[in-house]
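FYI, it's all coordinate maths here, none of it is from the lab. For clarity, every value in this text was computed on a predicted model and none was experimentally measured. Reconstructed Cβ throughout: ideal geometry from the backbone, glycine too, with neighbour counts over all protein chains shown.
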Amino acid sequence: MTISNCGDSGILAEFSLEFTELAWKKTLYLSSCLKRVALPGILSIIPAYASVFVQYNCLQISGTQLKVLMEEMMNHFEESEDLFTDTQLFRVPVLFNEEAGKDLTLVAEELGITQEQVVALFCSKKYTVICIASPAGVPLLDSPPFSKKVSRLKTPRTHVPSGSIALSANQANVYTLDSPGGWKIIGRTPISFIDLTQMPPIPYKPGDSIEFFPVSEEDYEKYKGKSMEEMKVNGA
């Protein structure tokens, strides 16, 4: 673990320069430990792929104190420890057609398979939420079961509709709000992923799973207005 100061109110703990499952597990472990102790002065804890950023009030706690605390926490990390005892599963409906999946044809051509095969492969696994990204509650997911990576758009769009299911490299994500974006879109879900009237505004977290299933245009309309919380599979 490498720890770096980020100004006088931030500290970054890095476990790897690239994503590995071990580095990710260490990231989640450190993040959960810091959240449990709930020290005065810690303002936010942000886990990513292989690092944790901590924002703090330097008048209440110092970077040196945080570094010592982090190192002590990681001394107790065990790779075999089960960090996912309270994980959740969400099943999300997706409409796959030319309008909802503007780049579905491009993705199929790039992978050398049919559009139907893209959809079938994409929906054939449960995706793990690796981390939560911007602009608001975007679930960055692990790799779809394709034979190769999917390239980004050469020119990003200035507007991507919320609910868009998108691919880039060996990752998938869901655009939770209307926003710009350069990932290739293969479908769209009518489910609302965030609810700003709730706390937390998203019901999923790193380590949870999301499973996608295809629906018709008629069924897509029936799911409109439903929340991600309603897509939770009880007993999963």
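Per DSSP H run of at least 4 residues, take -39500 (n - 2.57); add these up for the chain, divide by its residues and hand me the 222 nm value, nearest 500 deg cm²/dmol.
On the way: 5 runs with 52 residues, N = 236.
Computed mean residue ellipticity for the chain: -6500 deg cm²/dmol.
Can you run the Rg to Rh ratio on region 2-74? Use alpha carbon positions and the Kirkwood inverse-distance Rh. All intermediate terms of the calculation are to be shown ahead of the outcome.
Numbers: Rg = 11.3 Å, Rh = 12.0 Å.
Rounded to two decimals, Rg over Rh is 0.94.
Quick one: length gained pulling K222 to T105 fully straight, 0.36 nm per residue minus the C-alpha distance?
Taking 0.36 nm per residue and subtracting the Cα distance, the gain is 39.5 nm.
Taking the Cβ of each residue in L196, L95 as the centre, tally the other Cβ atoms inside 10 Å and list the residues starting with the fewest. Write down the numbers at each step before the final one.
Values: L196 9, L95 21.
Starting with the residue having the fewest Cβ neighbours, the order is L196, L95.
Taking Cα pairs under 8 Å and at least six residues apart, what relative contact order does the chain come out at, in percent?
On the way: 469 pairs, mean separation 46.9, N = 236.
Reported relative contact order: 20 percent.
How many nm is it between the label spots at E71 and L83, if each spot is 7 Å from the Cα in line with the beta carbon?
2.1
Please state, rounded to one decimal and in Å, the Kirkwood hydrodynamic radius that the chain gives when every pair of distinct Cα atoms enters the mean of 1/r.
Numbers: mean 1/r = 0.0522 Å⁻¹.
Result for the chain stands at 19.2 Å.
E98 to H159: extension gain in nm, 0.36 nm per residue of separation minus the Cα-Cα distance? Don't jump to the answer; show the numbers that get you there.
Values: separation 61, 0.36 × 61 = 21.96 nm, distance 1.67 nm.
Taking 0.36 nm per residue and subtracting the Cα distance, the gain is 20.3 nm.
Per-residue counts of other Cβ atoms within 10 Å, averaged by peptide: what ranking do you get for 157-165, 33-41, highest first?
Result, highest mean first: 157-165, 33-41.
How long is the gain from S16 to E230 if the chain were fully straight, where each residue apart is worth 0.36 nm and the alpha carbon distance is subtracted? Please report the intermediate quantities before stating the final value.
Numbers: separation 214, 0.36 × 214 = 77.04 nm, distance 3.59 nm.
In short, 73.5 nm is gained.
Name the residue farthest towards the positive end of the dipole of region 89-231 from the options A120, V92, A133, assuming +1 on Cβ of Lys and Arg, -1 on Cβ of Asp and Glu, about the Cα centre.
Value computed over the given set: A133.
Using the Kirkwood radius built from alpha carbon pairs, what does the Stokes-Einstein equation give as D for region 131-224 at 37 °C and 0.692 mPa s, in µm² per second? Please list the in-between numbers first.
Values: Rh = 14.1 Å.
Using the Kirkwood radius from Cα pairs, D works out to 232 µm²/s.
Using the Cα centre of the chain as the reference point, and only Cβ charges (+1 on K/R, -1 on D/E), how large is the resulting charge dipole? Debye, rounded to the nearest 20. Don't jump to the answer; show the numbers that get you there.
Numbers: 21 positive and 28 negative charges, 64 e Å.
Computed about the Cα centre, the dipole is about 300 debye.
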